[in-house]
Each structure stands twice: as structure tokens, then as C-alpha cells.
Amino acid sequence: MKVEIIKENCIGCGQCEATCSEVFKIGDDGIATVVTENIKKELEEDVNDAADACPTSAINVENA
């Protein structure tokens, strides 16, 4: 699984971090970042939930 933030779309609402803080953090600039490239299998559902919950569709998930 590969995850990226589309920074132009991110409004920094924090929904992704609230859903899966092991993968997403809101940076000092108020924009979400992906903090790990190695997404553990047990976190994949949470990552997908975070992407679905993002109000601006700023999370791009590619399943390998």
C-alpha cells in the first residue's frame, strides 16, 4: 500500500490523524503528512477509512 497527501487539497482538518495517527500527522504548516512509508497490514483498513473520511479527498491510496 502506498499513501500520499495531495497537499493542494489538504485543509488540515485533522480527520486523518484522528483516524490513523500511526500514519498521518498534521505538520507545523497545518498540512497533513504521511509519517511512514511502511504501512503495516493491520493499519490498512484505518488508512482507507481516513481517505474516505477526508472532506477534500486529499489522501491518495494505492493498493499494491
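See the values below:
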{"quantity": "Test: residue in the stretch 33-52 that is on the phi > 0 side of the Ramachandran plot, out of contact with any helix residue (DSSP H, G or I) (no Cβ under 7 Å at 6 or more places or on another chain) and not acidic (Asp, Glu)", "calculated": "no"}
{"quantity": "Qualifying residue in the stretch 27-44 (condition: touching a Cys at 6+ places or on another chain (Cβ under 8 Å), closer than 19 Å to residue 62 by Cα and among the β-branched types (Val, Ile, Thr))", "calculated": "no"}
{"quantity": "Filter result (hydrophobic (A, V, I, L, M, F, W, C) and touching a residue at least 60 places away in the same chain (Cβ under 8 Å)) within the stretch 47-64", "calculated": "61, 64"}
{"quantity": "Single residue of the stretch 15-46 satisfying the filter (of a type in the set (S, T, N, Q) and touching a residue at least 24 places away in the same chain (Cβ under 8 Å)) that is surrounded by the most Cβ atoms within 10 Å (Cβ to Cβ)", "calculated": "15"}
{"quantity": "Of the criteria (1) touching a strand residue (DSSP E or B) at 6+ places or on another chain (Cβ under 9 Å); (2) within 14 Å of residue 61 (Cβ to Cβ); (3) of a type in the set (S, T, N, Q), which one residue 19 fails", "calculated": "(1)"}
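No lab work stands behind these numbers, since they all come straight from the coordinates. Nothing here was measured: the structure is a model prediction, and the numbers come from that model. Because the Cβ atoms are built from the backbone with ideal geometry, glycine has one as well, and the counts that use them run over all protein chains shown.
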